[in-house]
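The values are calculated or read from the model by the stated rules, or taken from the named source; none is laboratory data. For clarity, every value in this text was computed on a predicted model and none was experimentally measured. Cβ sites come from the backbone with ideal geometry, for glycine too, and all protein chains shown count toward neighbours. Surface areas here come from the heavy atoms of the whole protein model, side chains and all, with no ligands, DNA or RNA. Shrake-Rupley method; radii C 1.70, N 1.55, O 1.52, S 1.80 Å.
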Amino acid sequence: MAAAAEEIPKSVLILGSGVFGLSTAYSLTQNPKFANTSITLVDRSVFPAPDGASIDSSRIVRPDYADLPYARLAIEAQARWRNEWWGQQDVYHEPGLAVVVNKDESDNGNGDLGRKYMTDSMANVERCGLKPGKKSEGAATGKGGSSVGDFGYVNWRSGWADAEKGMRVLRARVEKTNRVNFLHASISRLQFSNDAVTGCETDDGKLLTADLIVLATGAWTPALLDLRGRCSATGQILSYIQITDAEQAALGDRPTLLNESSGLFIIPPVNNVLKVARHGYGYCNPTTIPHPEDASLGKITVSLPRTHISHPGLEIPEEGKKALRSFLAAVYPSLATRPFLNTRICWYTDTPRGDWLLSYHPRYKNLFVATGGSGHAYKFLPVVGDKIVDCLLGEPPAEFKDKWAWPERDVEDQVWTKDWRGGVKGMVLEEELKKGENKAKL
Ligand SMILES: Cc1cc2nc3c(=O)[nH]c(=O)nc-3n(C[C@H](O)[C@H](O)[C@H](O)COP(=O)(O)OP(=O)(O)OC[C@H]3O[C@@H](n4cnc5c(N)ncnc54)[C@H](O)[C@@H]3O)c2cc1C
Ligand SMILES: *[C@@H]1O[C@H](CO)[C@@H](O)[C@H](O)[C@H]1NC(C)=O
Ligand SMILES: *[C@@H]1O[C@H](CO)[C@@H](O)[C@H](O)[C@H]1NC(C)=O
């Protein structure tokens, strides 16, 4: 597609140092074709960004995908998580993943989608040669007798990663190559000619340029490029609960528990902190900004992150607290009333089909976009950089060629993914926060 694909750029500027940007930087340093390319990695934040998508305590690492190519890619990633260099970093743990759904077809929400996702995932895992350990059609019961769903299986070859540690060890590995210039700067705007990006303006008035720009600014990307109908930031809820040493010892090695009817999940606790969260449609946060590519086109409204950094004291809406609380109570009745240590909204970059966007821009030929994680890219940290470099070279993996290509624009500007998710579609963060305030006033 892009002429740049065959020519090796003399300079590459990567914007954003999350999973996509950092892994790209590392893979470029390892590829002999880029041996003479200068590589710069820009982020506006300290590393790792405290409000980025790529950190907190844990991320699920599962090949349990309803889509076979992602299942296969996850198995490729797991081979690296377990072996080679990654296997020595104490980042990846493999206590299994218990997936449950509600068999009751009458439940509201996303029962059907969740059930289909689960049965397709199980089939794919088996197709890839893994044997789910325990399939259960009666009540799937947790230790201690709590009922956690009525139809499901455990994949003992799934696990989770310490997200922040994974990012830190990869960053150290990149530093060790001595090939990457790290730059602390916030990009306020890209400058465009008719068919190229001519520079990146920083908020302190500098202009950065390079032969090739890789845009990997996560959920903030729609502030720099018109991605209406292609990528939208959606806010996802997380909560943390303090547990005792005895509880840590009892729960630490249990499988991750994922309810695919509700999207709610509990990852095994680390350092006496248990995490309860939801893989949902999330909240949109409509924000009106000048058209990022051409201010003369007027203003556009796009969903952008609101975080505890941009809005100190931000908590999750009541709706979210209730959902997390009731899941916790159902799974671990003894923890039902334990207060939240803290809560957090974390921002996915959602795409219409849940596929990543790893493609040259159809118009600006030196702009490569690496985003659209859609809430599931972390588990690929050991492999995704190599795939991005393949795409940069015009050689995407065959089974992902269409999936990662520049997507058709959805009818609606706001993307609500058609991929499986829990919770309700269409929630607006501001409205949900107000409901909580009103309730507090009553
Ligand atoms: C709560 C949550 C739970 C998740 N759970 C899982 C899971 O269990 N398993 C899994 O596989 N995946 C999971 N994911 C998804 C995975 O973490 C993301 O797909 C991945 O981290 C996305 O990485 P990124 O590089 O796109 O974004 P980010 O990590 O957000 O990186 C973007 C970077 O760009 C920087 N930036 C933004 N704007 C600018 C600017 N203007 N100038 C300079 N720098 C800028 C930011 O500071 C940030 O460092 C989860 C995500 C979230 C949010
Ligand atoms: C890099 O530069 C060296 C020295 O000029 C040259 O010998 C080598 O072929 C170059 N490598 C690439 C991949 O361009
Ligand atoms: C799983 O989600 C479904 C749908 O929301 C719900 O009916 C069921 O009770 C949930 N199971 C648990 C343990 O929360």
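Remark: pairs (first residue in region 416-440, in contact (Cβ under 8 Å) with a residue 24 or more places away in the chain and of a type in the set (A, V, I, L, M); second residue crowded, with 18+ Cβ neighbours inside 10 Å and not in a loop (DSSP other than H, G, I, E, B); Cβ separation under 6 Å; 6+ apart in sequence or on different chains) = 427/283; 428/284; 429/235; 429/283. Of all residues in region 16-39, none that is open to solvent by less than 20 Å² (accessible area, probe 1.4 Å) and within 16 Å of ligand 3 (Cβ to nearest atom) has its Cβ atom under 8 Å from the Cβ atom of a residue that is of a type in the set (Val, Ile, Thr) and at pLDDT below 95, 6 or more apart or on another chain.
With respect to residue 389, is the statement that it is outside any loop (DSSP other than H, G, I, E, B), out of contact with any Phe, Trp or Tyr (no Cβ under 6 Å at 6 or more places or on another chain), open to solvent by less than 60 Å² (accessible area, probe 1.4 Å) and of a type in the set (A, V, I, L, M) true? Let's see the steps before the verdict.
Details: outside any loop (DSSP other than H, G, I, E, B): yes; out of contact with any Phe, Trp or Tyr (no Cβ under 6 Å at 6 or more places or on another chain): yes; open to solvent by less than 60 Å² (accessible area, probe 1.4 Å): yes; of a type in the set (A, V, I, L, M): yes.
Judged against the criteria, residue 389 is a match.
Of all the numbered requirements in (1) in a loop (DSSP other than H, G, I, E, B); (2) closer than 29 Å to residue 409 by Cβ, residue 254 misses one, and that requirement is (2). Of all the listed residues (233, 246), the sole one being without any contact (Cβ under 8 Å) to a residue 12 or more places away in the chain and not polar (S, T, N, Q) is 246.
Suppose we filter 63, 69, 50 for residues that are more than 7 Å from ligand 1 (Cβ to nearest atom), open to solvent by less than 30 Å² (accessible area, probe 1.4 Å) and either in contact with a strand residue (DSSP E or B) (Cβ under 6 Å, 6 or more places away or on another chain) or assigned to a loop (DSSP other than H, G, I, E, B) (or both); which single one remains?
On the way: 69 fails: either in contact with a strand residue (DSSP E or B) (Cβ under 6 Å, 6 or more places away or on another chain) or assigned to a loop (DSSP other than H, G, I, E, B) (or both); 50 fails: open to solvent by less than 30 Å² (accessible area, probe 1.4 Å).
Result: 63 is the single residue among 63, 69, 50 that is more than 7 Å from ligand 1 (Cβ to nearest atom), open to solvent by less than 30 Å² (accessible area, probe 1.4 Å) and either in contact with a strand residue (DSSP E or B) (Cβ under 6 Å, 6 or more places away or on another chain) or assigned to a loop (DSSP other than H, G, I, E, B) (or both).
Which members of region 85-106 meet the condition of being touching a residue at least 60 places away in the same chain (Cβ under 8 Å) and in a loop (DSSP other than H, G, I, E, B)? Listed by number, the residues that qualify are 85, 89, 90, 91, 94, 95, 96, 102.
Taken residue by residue, region 128-140 has at least one member that is under 19 Å from residue 380 (Cβ atoms) and modelled with pLDDT under 85.
Being under 21 Å from the mean Cα position of the chain (by Cα), over 11 Å from residue 230 (Cβ atoms) and open to solvent by less than 10 Å² (accessible area, probe 1.4 Å) is the filter here, so list the residues in region 358-372 that pass it. Full working, then the answer.
Here is the first cut: in region 358-372, the residues under 21 Å from the mean Cα position of the chain (by Cα) are 358-360, 368-372.
Now restrict to residues that are over 11 Å from residue 230 (Cβ atoms): 358, 360, 368, 370.
Answer for region 358-372, where residues must be under 21 Å from the mean Cα position of the chain (by Cα), over 11 Å from residue 230 (Cβ atoms) and open to solvent by less than 10 Å² (accessible area, probe 1.4 Å): 358, 368, 370.
I need the full set of residues from region 16-39 which are of a type in the set (A, V, I, L, M, F, W, C) and within 9 Å of ligand 1 (Cβ to nearest atom), in order please.
19, 20, 22
Among the residues of region 214-243, those identified as in a strand (DSSP E or B), away from ligand 1 (no atom under 12 Å from the Cβ) and open to solvent by less than 10 Å² (accessible area, probe 1.4 Å) are 232, 241.
Given the condition open to solvent by less than 30 Å² (accessible area, probe 1.4 Å) and part of a strand (DSSP E or B), answer yes or no: does some residue in region 325-338 qualify?
The first filter runs over region 325-338 and keeps only residues open to solvent by less than 30 Å² (accessible area, probe 1.4 Å), leaving 327-328, 331, 335-336.
Next, only the ones that are part of a strand (DSSP E or B) stay: none.
Looking for residues that are open to solvent by less than 30 Å² (accessible area, probe 1.4 Å) and part of a strand (DSSP E or B), one finds none in region 325-338, hence no.
Within region 278-299, identify whether any single residue is touching a helix residue (DSSP H, G or I) at 6+ places or on another chain (Cβ under 8 Å), among the aliphatic types (A, V, I, L, M) and surrounded by 23 or more Cβ atoms within 10 Å (Cβ to Cβ), and answer yes or no. No, region 278-299 has no match at all.
Applying the set (1) outside any helix (DSSP H, G or I); (2) in contact with an Asp or Glu (Cβ under 9 Å, 6 or more places away or on another chain) to residue 362 leaves exactly one unmet item: (2). Does residue 201 count as without any contact (Cβ under 8 Å) to a residue 60 or more places away in the chain, charged (D, E, K, R) and part of a strand (DSSP E or B)? Criteria met by residue 201.
Is one or more of the residues making up region 248-256 within 27 Å of residue 22 (Cβ to Cβ) and in contact with a His (Cβ under 9 Å, 6 or more places away or on another chain)?
First, pick out the residues of region 248-256 that are within 27 Å of residue 22 (Cβ to Cβ): 256.
Imposing the further condition that a residue be in contact with a His (Cβ under 9 Å, 6 or more places away or on another chain) reduces the set to none.
No, region 248-256 contains no residue that is within 27 Å of residue 22 (Cβ to Cβ) and in contact with a His (Cβ under 9 Å, 6 or more places away or on another chain).
Among the criteria (1) free of Cβ contacts under 8 Å to residues at least 24 places away in the same chain; (2) among the small types (Gly, Ala, Ser); (3) not in a loop (DSSP other than H, G, I, E, B), the one residue 313 does not fulfil is (3).
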